[in-house]
Structures are given as structure tokens and as C-alpha cells.
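**Student:** My structure is below; once you've seen it, I'll send some questions.
The values are calculated or read from the model by the stated rules, or taken from the named source; none is laboratory data. Predicted, not measured: the structure shown is a model, and the values here were computed from it. Note that each Cβ is placed from the backbone with ideal geometry, even for glycine, and that neighbours are counted across all protein chains shown.
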Number of protein chains: 2
Amino acid sequence: MSIREQVINTAMMAHSAAPEAARLTMGQKETILNQIAEKMWDERSFLQSENARDIEKARSKGLSLPMIDRLTLSDNVLAQTINGLKEIASFPDPVGEITRMWVRPNGMRVGKMRIPLGVIGMIYESRPNVTADAAALCLKAGNACILRGGSEAYDSNVAIAEIFRTVLEDNGINPNAVSLLPTTEREAILHLVKLEDLVDLIIPRGGEDLIRFVSENSRIPVVKHYKGVCHLYVDKDVDFSMAVSLAVNAKAQRPGVCNSLETLLIHSSITDEFLPKVSRALQEAGVALRGCERARKIVNGMTPASEDDWYAEYSALILAVKIVDSIDDAIRHIAKYGSLHTDAIVTKDYSASQKFLREVNSSTVIVNASTRMSDGYVFGLGAEIGISTTKIHAYGPMGVEDLTTTKFIVLGDGQIRE
Amino acid sequence: MSIREQVINTAMMAHSAAPEAARLTMGQKETILNQIAEKMWDERSFLQSENARDIEKARSKGLSLPMIDRLTLSDNVLAQTINGLKEIASFPDPVGEITRMWVRPNGMRVGKMRIPLGVIGMIYESRPNVTADAAALCLKAGNACILRGGSEAYDSNVAIAEIFRTVLEDNGINPNAVSLLPTTEREAILHLVKLEDLVDLIIPRGGEDLIRFVSENSRIPVVKHYKGVCHLYVDKDVDFSMAVSLAVNAKAQRPGVCNSLETLLIHSSITDEFLPKVSRALQEAGVALRGCERARKIVNGMTPASEDDWYAEYSALILAVKIVDSIDDAIRHIAKYGSLHTDAIVTKDYSASQKFLREVNSSTVIVNASTRMSDGYVFGLGAEIGISTTKIHAYGPMGVEDLTTTKFIVLGDGQIRE
């Protein structure tokens, strides 16, 4: 079979399994997910020996230590993954929920009922535990999924998918509800994203290159985010210690992730007093600062920020600092350089907080909390399948609910159109 | 300027106007839309003389009389359009609505606030009044729009857009919030749908060819429906007169539209008694029947239905009739041949009604009402910008709300990530 035929074949099988996945009751899904969690622990020596082959190949290819670390299914990673599965098992079931219902003048009741999307294509990189998370979230929302992980984790991904498929089969469910692309060729992605009649949604997770590649070639809707250039704007009327704490937490608590801070905007009326304080705290946390000219006049030894710095997602302990003369300037800066991910204001002023909430249209807009709070778990969505910075379908952190849609339901007693 | 440059230019101007459109208050939008409605009536002789040029060209090209009829901005069509604008003006404003808000264990409040999508590209055919409807709905939801109507209505569309733009300008708003592509070349669509950084959503309305062309070429999310192959399933335990009334209304009240009935499915246990009754009523309404073999044995002179008939959207007074042995057979038939538009059951049986509601995943699923009820106005959405049969973003009739998205808002008092 050609790669194209293999992909079409997998997609057709997943598509046929989707109605069964959609009909699973909440109880069945809970049982199946808990059984998968248990089986993953029981079979950890199998999982780890398959994983060892991926690691061996990665070593012989000379992959970096952090890459190999991310690839490794240690007991610790497995235990976390299994806990995640049990948590997903215990969520409320989104499927069948009637989100609204209203009555029309002719007595007809109209409502919206949550249903699964159908088939979800997940395209991701490296970490094999994403295979388990993604498959579990898709199943919980009643969807079939087609998984395509990184080639370096292929054997681990096959082993994890096998556990899902075995448990599905043991419960009399079509195992193709969890399908893995049988090839790691990049070409396979190209074929998958053209199958608009078989796949309902594509979720790519990984580097900007992968996401652009998927998005430019897909005929299927894609929910994605390219990068997180998050801002914290420190308004003129502000609690200094809160502002310092939010800046340090947002930048330094975990600088490699997409909701960490990249640019600090400070109102010019407080700069003389505030900037030295926040700079000291950031530098103590190991953060290197790159400033606009005005900021550099106040703090000695700050590297100059270039135009590129305002667009940068450093993913490292580097922070760009800019002084602005008003909240409007801050909002304009965010609109121009931001990435629609997460932007925050710290302020004591009511009308500034409301203006920021209203006028910044990033997917998450925060008053007086760290940008690091922008996360599906922290928001209470239960789990996060990804973050969307495109406004269609879902915008911001996506939970299980975002893997569903709503259909209209009509309850009549004979109404006709006059 | 090349066609590509013209399109990019228009899109850039609409994109720049979008933040102004997003900031309009409910009161401003009401005023502007009412002023547009009044101006359209005041300037009807201008609109009609521009329209006359389109009609003249259409005549010289030999367009059919129904086509010319759809093109014509009669006093009656204008009055209806103006009423539509006034109705849209009076809707509640979706923008800024906080649809949910909850509290996290750390005291942080998390909510979802409705915001405009940004820039919407509308691609449609023939009827120039769609220009007014679409522009008004986009504006109401705080969006800028780029309109591309049929080439045969170009002068009429320019005239209508000009009225919108003049009123916007009179109110100090950037008129590019309502933009029309300055060319009618089909190539322009190709360029428009590639501008993913400037346009947030594409809504094509028209024939299946146009919609496929848009959908296959677009890098921007597309909300669409190809066709409406709607079913009515007459269950075994049924009020015959209601079933007959629903079948006749769904098929014959307005056969040319997408929510009219195309296939009637009848439970085999009632066929002998019910089929003659419904056939007579349908034939009296001028409907030609095409039946499966079993149906043809009961009703004389029914044309045989071929496999193609089950897929057909007749848009005419023709109806396919099939006898099925169970509700499961009916659901399977709908899943195989349906178009995810609107499907209905008529039944007195509680569990049949619930099974149908649960297992048919069309965008509208109806119990005991005509498929013709599947409509934004009838559902109380206020107006309808289109119908989506793709499950992403919106599914079913789309109202003003579906031209918005929600962002997460967070109200904290200093929360950081531990």
C-alpha cells in the first residue's frame, strides 16, 4: 500500500468506529478509561521496553539529552499519565448535555444538545504520554481519534495505543476509535489533512513549523496556536509588591512554556520608583532584561531591545521591558506585537481594569493574576487538549467540551411552516 | 493594480477598520443600522437606477426570467430588506455578554466574554439584498466584513454598500468596516481565501460548486453547507393526520429551499394504511413520488427510486419514499444518505423520540414538526446569516451570536502559579 492508501485506510476505519464512540454512555467511558489506566501500570515493563527501543534509536541518532528526557516513559511519567487518565475518567460527560432550551410562540421548544465532533486528527511531537492524554480526551468526548505522534516516539506510541485498543475490544467496542497512523513519513500528514469527508477537526501541537505546515495544507478545520507572546501591563495605580510578584512568577516560574511572560509594559508615571524594584527581583530570579531606551536610562546595564524583541517568544529567562505613556499605548502595543494568547494588566483602578478586559481581544485577558494561570487545568476545564489562538470554534485553553459541538433539537407537536 | 493587489488592499483596509467596529456600543449600532434603513428608502430611486443597469446587462446576456426576478430591487424587496435592517437594529447586542463565570479554589474568577470575530468574508450569489442583510449582521456582531456578491448584481451591490459606508462615515466610523471587493473576477475569491492573517472567517452562500471552490482553496476557516437532503421518518406509533400534515408541509410549502423534505421514510408496520393516505395528500399538493420496491407495490404508478434518488436534493416537487423495518434502519439510512442538515421523526412513542434525538447527529433534529421549521428566524435567532453542516464553530442555523467568539477573562487579586 502507498502511504496515501495507508492513511485513507486508517481514516476510514476510524470514521466507521466514530458512531460507536459517540454512543458510549458516561458509565462505559468511565469504566474503559479506568481499565486503560490500570492496564498501563500493569504493562509498564512492556511499555518501557518498547520505549527503550525509541530511546536507543534517539541516542544513535545523537538527539540531545533534553529531547531524550522528554521521550522517556519513566515510572514517574507513567504514574502521572495514569493519574491523568483517572481524572479524565471522573469528569462529567459533556455528551448529551442540553446547554439551552427555549420556547417559540407556536409552542415549539428549541434547544441545543452537545454531541461529539466525530473524528479528530491529533498531530504532535516527541512526548509519548501525549498519545494517552489525547486519546483519553477524545474518547471522553465521544470521538474517534487518529493519532500521529513524532517519529522518534513511534514504538512507544504504538504500545500505548495498543493498550487503548485492547481495552476497547475487551469491552466490545470497535478498537479503531483509537487509531494511530501506521507510518511516520511526514507525507502522511499531507494526506490526512485532505480527508475532509472522514475527519472533522485537526489539532496540531508542536513547533511553529509543524503547525504552519498543517494549517497551510489542511482542508479540514484546524485549531491551533503558533506562539505565546504574553504581556503584563503595569498600570499607574498599582500595588508594587503584587506587580513584582506577578512579573516574576509569569516570567520565571517556567519560562519554556507558552503562557510565560515575554514583554513587561510599564506606565511611565511609576517607572522611576517601580522599574528598579521589579528589575532587581527579576534579575535575582535569573532573568536577563532587554529594554526600550527610556527603561535603559533608569536601569543600568539593560541590553537594548530591538524591534524584533517585541515580537519574540524567548521561551527562556529573557524579558523585554517597555515604558508606555498610557493604557491606550499598552493596548496598542499588545494588538500590534501580541499573539492573541494571554495578556494581563495589574492595576487597582476599576475603569482601567474594565477597559483592558474590553479592548484586549486575546484569547485570555487577565486582571491581577499571573499569565501562567492561563491553562485548562488552572481554569478548571479538567484537562487541556490544546490552546487555540484562532477565534473559530474555540479560543483559549481547550477542554473536553471543545471536542464537542451542539446540534439543534426541536420538540414539537405538529408545528408546520405557514 | 493586479486583482491580487486589489483584494489584499481591500482586506487590509477592512482589517484596520475591525477594531473600530468591535468597539461600537449597542446604542451606536442601533442608531447606525436604523439610519441605514432610512437612507435605503430615501435613496431608493438611486438604488433602483443602479439596479436597472444590472438588469439591463442580465437581459442582454439572456439570463432566465427567475434569475432576473431574483436580481430585481423592487419596492417590495427594498421594503422587506429595510424591515430586516430595523429588526437587526433592535436585537440585543451579543458583544460583551459574559456567558459563564465561575470561581476557582484560589479565589480567581474565570469567565467567558463574547467578542467579535474580526473580519468576515461573505461570498454569495445573485440576490443583491443579501448585501444589506450580511453587512448588517456582521456590523451588529461588531465585525468588519468583506462582501463579494455575484457579478450580475455588481452595480446594485456597490450602491447598497455605498449607503452603509456613507452612514458609517457620517457617524465618524471608518467606512471600511463594510467593504466590497472592487472586482467581480472569480480569481478574486482565490486571493481572498488565502489571507488568513487578515480575515477570520469565510461564509460562502450559493450553489454547491461555489461552496466547494471556496472550501477547497481556503486557508481561512469556512462555515458552509453543501446541500439539504432532509428526511421525515414516520414511526409505527403515529398520529396519521399529523404525519400527513408534516410530510406535505415539509415537501410542498416551499420546495426550492434547503430545509424542504427530500425523502420520506415509513415504518413497514403502518405502510398499508398510511402510505395511500400520504400519497394522495402529496399528489394533491402536486408532488411526484419515487418509491422503493415495497412502496411501489402499495401505491400504483409510483416511479421507481434509484440509488441516486436517496442522495438527491430535488429542490422541486419530487419526493423519494422508502419503507424501513425499524427506527434503527431509518437512522442508518439517514446517516448514510443524509447531509447533516435537518431530519425529523413523527411519533407518539417516548423512547423512539429520545432515541432519534440522541442518535441522529444532523445539525437540526426534530420531533413532531416540519423540517421547514429549521430556520434562524423560526428558531428565534433573530436572523440567519447561513446554515452550517460542518460541526466546527457553528452547526445548524447561524444567528448573530455565531459571528462572535468568546475569550477567557480572569479576575484575580494577585494569584500566581505555584
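**Student:** Can you tell me which residue within region B:14-62, out of those that are closer than 16 Å to residue B:162 by Cβ and touching a strand residue (DSSP E or B) at 6+ places or on another chain (Cβ under 7 Å), is nearest to the other protein chains (Cβ to nearest Cβ)?
**Tutor:** Across region B:14-62, the extreme among qualifying residues is B:17.
**Student:** If you check residue A:165 against the conditions, is it of a type in the set (Lys, Arg) and farther than 21 Å from residue A:41 by Cα?
**Tutor:** Answer is no for this residue.
**Student:** Residue under question is residue B:50, and the condition is that it be surrounded by fewer than 19 Cβ atoms within 10 Å (Cβ to Cβ) and within 19 Å of residue B:82 (Cα to Cα); does it hold?
**Tutor:** For residue B:50, the condition - surrounded by fewer than 19 Cβ atoms within 10 Å (Cβ to Cβ) and within 19 Å of residue B:82 (Cα to Cα) - is not met.
**Student:** Condition (residue is touching a Leu at 6+ places or on another chain (Cβ under 7 Å), closer than 26 Å to residue A:90 by Cβ and of a type in the set (Gly, Ala, Ser)) applied to region A:381-390: is it met by at least one residue? Lay out the reasoning, then the answer.
**Tutor:** First pass over region A:381-390, keeping only residues touching a Leu at 6+ places or on another chain (Cβ under 7 Å): A:383, A:385, A:389.
From what's left, closer than 26 Å to residue A:90 by Cβ: A:383, A:385.
Those still in the list that are of a type in the set (Gly, Ala, Ser) too: A:383.
Looking for residues that are touching a Leu at 6+ places or on another chain (Cβ under 7 Å), closer than 26 Å to residue A:90 by Cβ and of a type in the set (Gly, Ala, Ser), one finds at least one in region A:381-390, hence yes.
**Student:** Scan region B:330-342 residue by residue and report those that are touching a strand residue (DSSP E or B) at 6+ places or on another chain (Cβ under 7 Å) and within 10 Å of chain A (Cβ to nearest Cβ).
**Tutor:** Hit for region B:330-342 is B:342, nothing else.
**Student:** Continuing with this model, one more query. If you scan region A:69-116, which residues turn out to be among the small types (Gly, Ala, Ser) and touching a Lys or Arg at 6+ places or on another chain (Cβ under 8 Å)?
**Tutor:** Taking region A:69-116 first, the residues among the small types (Gly, Ala, Ser) are A:74, A:79, A:84, A:89-90, A:96, A:107, A:111.
If the condition is that a residue be among the small types (Gly, Ala, Ser) and touching a Lys or Arg at 6+ places or on another chain (Cβ under 8 Å), then A:89, A:96, A:111 are the ones that fit.
**Student:** Continuing with the same structure: Any chance you could count how many residues in region A:243-301 are touching a Leu at 6+ places or on another chain (Cβ under 7 Å) and among the small types (Gly, Ala, Ser)?
**Tutor:** Residues that pass the stated criteria total 7.
**Student:** Here is a check on your reading of the model: is residue A:81 in contact with a strand residue (DSSP E or B) (Cβ under 6 Å, 6 or more places away or on another chain), hydroxyl-bearing (Ser, Thr, Tyr) and closer than 30 Å to residue A:142 by Cβ?
**Tutor:** no
**Student:** Out of (1) farther than 30 Å from residue A:208 by Cα; (2) free of Cβ contacts under 8 Å to residues at least 24 places away in the same chain, the odd one out for residue A:357 is which?
**Tutor:** (1)
A quick yes/no check of all residues on (1) over 19 Å from residue B:19 (Cβ atoms); (2) buried (at least 21 other Cβ atoms within 10 Å of the Cβ); (3) small (Gly, Ala, Ser):
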site: B:123; (1), (2), (3): yes, yes, no
site: B:140; (1), (2), (3): no, yes, no
site: B:158; (1), (2), (3): yes, no, no
site: B:163; (1), (2), (3): yes, yes, no
site: B:168; (1), (2), (3): no, yes, no
site: B:181; (1), (2), (3): yes, yes, no
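**Student:** Quick one: which residue in B:185, B:216 is in contact (Cβ under 8 Å) with a residue 12 or more places away in the chain and of a type in the set (D, E, K, R)? Show your work before the answer.
**Tutor:** Details: B:216 fails: in contact (Cβ under 8 Å) with a residue 12 or more places away in the chain.
Exactly one of B:185, B:216 is in contact (Cβ under 8 Å) with a residue 12 or more places away in the chain and of a type in the set (D, E, K, R), namely B:185.
**Student:** Take the residues in region A:298-328 that are more than 23 Å from residue A:225 (Cβ to Cβ) and touching a residue at least 60 places away in the same chain (Cβ under 8 Å); name whichever of them is nearest to the chain's Cα centre (by Cα).
**Tutor:** Checking each candidate, the answer is A:327.
**Student:** Here is a follow-up. Could you check region B:382-392 and list, in sequence order, the residues that are facing chain A (nearest Cβ under 9 Å) and either touching a Pro at 6+ places or on another chain (Cβ under 8 Å) or hydrophobic (A, V, I, L, M, F, W, C) (or both)?
**Tutor:** If the condition is that a residue be facing chain A (nearest Cβ under 9 Å) and either touching a Pro at 6+ places or on another chain (Cβ under 8 Å) or hydrophobic (A, V, I, L, M, F, W, C) (or both), then B:390, B:392 are the ones that fit.
**Student:** Determine whether residue A:36 is in a helix (DSSP H, G or I), in contact with a Phe, Trp or Tyr (Cβ under 8 Å, 6 or more places away or on another chain) and either modelled with pLDDT of 95 or more or among the hydroxyl-bearing types (Ser, Thr, Tyr) (or both). Show your work before the answer.
**Tutor:** Working: in a helix (DSSP H, G or I): yes; in contact with a Phe, Trp or Tyr (Cβ under 8 Å, 6 or more places away or on another chain): yes; either modelled with pLDDT of 95 or more or among the hydroxyl-bearing types (Ser, Thr, Tyr) (or both): yes.
Considered against the rule, which asks whether it is in a helix (DSSP H, G or I), in contact with a Phe, Trp or Tyr (Cβ under 8 Å, 6 or more places away or on another chain) and either modelled with pLDDT of 95 or more or among the hydroxyl-bearing types (Ser, Thr, Tyr) (or both), residue A:36 comes out as yes.
**Student:** Report, by residue number, each residue of region A:189-205 that is surrounded by 17 or more Cβ atoms within 10 Å (Cβ to Cβ) and outside any helix (DSSP H, G or I).
**Tutor:** Passing the criteria: A:193, A:194, A:195, A:198, A:199, A:200, A:201, A:202, A:203, A:204, A:205.
**Student:** Mind listing whichever residues of region A:315-338 are surrounded by fewer than 20 Cβ atoms within 10 Å (Cβ to Cβ) and in a loop (DSSP other than H, G, I, E, B)?
**Tutor:** A:315, A:316, A:317, A:325, A:326
**Student:** Any idea how many residues of region B:349-366 are surrounded by fewer than 20 Cβ atoms within 10 Å (Cβ to Cβ) and within 10 Å of chain A (Cβ to nearest Cβ)?
**Tutor:** Here the count works out to 3.
**Student:** Considering (1) closer than 22 Å to residue B:210 by Cβ; (2) within 14 Å of chain A (Cβ to nearest Cβ), say which one residue B:131 fails and leave the rest.
**Tutor:** Checking residue B:131 against (1) closer than 22 Å to residue B:210 by Cβ; (2) within 14 Å of chain A (Cβ to nearest Cβ), the one that fails is (2).
Here is a yes/no grid of residues against (1) aromatic (Phe, Trp, Tyr); (2) assigned by TED's automatic domain parsing to the domain that holds residue A:241; (3) not in a loop (DSSP other than H, G, I, E, B):
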| site | (1), (2), (3) |
| --- | --- |
| A:340 | no, yes, no |
| A:343 | no, yes, yes |
| A:361 | no, yes, no |
| A:367 | no, yes, yes |
| A:379 | yes, no, no |
| A:382 | no, no, no |
| A:387 | no, no, yes |
| A:391 | no, no, no |
| A:418 | no, no, no |
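**Student:** Test residue B:378 against the criterion of being out of contact with any Gly (no Cβ under 7 Å at 6 or more places or on another chain), at the interface with another protein chain (Cβ under 10 Å from one of its Cβ atoms), without any contact (Cβ under 8 Å) to a residue 24 or more places away in the chain and within 30 Å of residue B:82 (Cα to Cα), and give yes or no.
**Tutor:** Yes, satisfied.
**Student:** Could you tell me which of the residues B:62, B:142 is free of Cβ contacts under 8 Å to residues at least 60 places away in the same chain, on the phi > 0 side of the Ramachandran plot and not hydrophobic (A, V, I, L, M, F, W, C)?
**Tutor:** Just a single option satisfies the conditions, and that option is B:62.
**Student:** So, residue B:147, is that one modelled with pLDDT of 95 or more, touching a Leu at 6+ places or on another chain (Cβ under 8 Å) and in a strand (DSSP E or B) or not? It would help to see each step written out before you state the result.
**Tutor:** Working: modelled with pLDDT of 95 or more: yes; touching a Leu at 6+ places or on another chain (Cβ under 8 Å): yes; in a strand (DSSP E or B): yes.
It is true that residue B:147 is modelled with pLDDT of 95 or more, touching a Leu at 6+ places or on another chain (Cβ under 8 Å) and in a strand (DSSP E or B).
**Student:** Can you tell me how many residues within region B:256-294 are surrounded by fewer than 20 Cβ atoms within 10 Å (Cβ to Cβ), part of a loop (DSSP other than H, G, I, E, B), within 14 Å of chain A (Cβ to nearest Cβ) and not β-branched (Val, Ile, Thr)?
**Tutor:** So the answer is 2.
**Student:** OK, next. Looking only at residues in region A:393-416 that are more than 8 Å from chain B (Cβ to nearest Cβ) and in a strand (DSSP E or B), which one is nearest to residue B:244 (Cα to Cα)?
**Tutor:** Filtering region A:393-416 for residues that are more than 8 Å from chain B (Cβ to nearest Cβ) and in a strand (DSSP E or B), the one nearest to residue B:244 (Cα to Cα) comes out as A:404.
**Student:** Next question, about the same structure. Out of B:168, B:181, I need the residue that is assigned by TED's automatic domain parsing to the domain that holds residue B:27, over 20 Å from residue B:85 (Cβ atoms) and of a type outside the set (Asp, Glu). Which one?
**Tutor:** Being assigned by TED's automatic domain parsing to the domain that holds residue B:27, over 20 Å from residue B:85 (Cβ atoms) and of a type outside the set (Asp, Glu) holds for just one of B:168, B:181, which is B:181.
**Student:** So which of A:220, A:173 ends up being assigned to a loop (DSSP other than H, G, I, E, B), crowded, with 18+ Cβ neighbours inside 10 Å and more than 12 Å from every other protein chain (Cβ to nearest Cβ)? Working first, answer last.
**Tutor:** Working: A:220 fails: more than 12 Å from every other protein chain (Cβ to nearest Cβ).
Just a single option satisfies the conditions, and that option is A:173.
**Student:** Mind listing just one residue for me: the one in region A:40-86 that is outside any helix (DSSP H, G or I), closer than 15 Å to residue A:132 by Cα and not polar (S, T, N, Q) and, of those, nearest to the chain's Cα centre (by Cα)?
**Tutor:** A:73
**Student:** Please find, within region A:215-245, the residue that is nearest to residue A:400 (Cα to Cα) out of those that are aliphatic (A, V, I, L, M) and modelled with pLDDT of 95 or more.
**Tutor:** Within region A:215-245, the match that is nearest to residue A:400 (Cα to Cα) is A:229.
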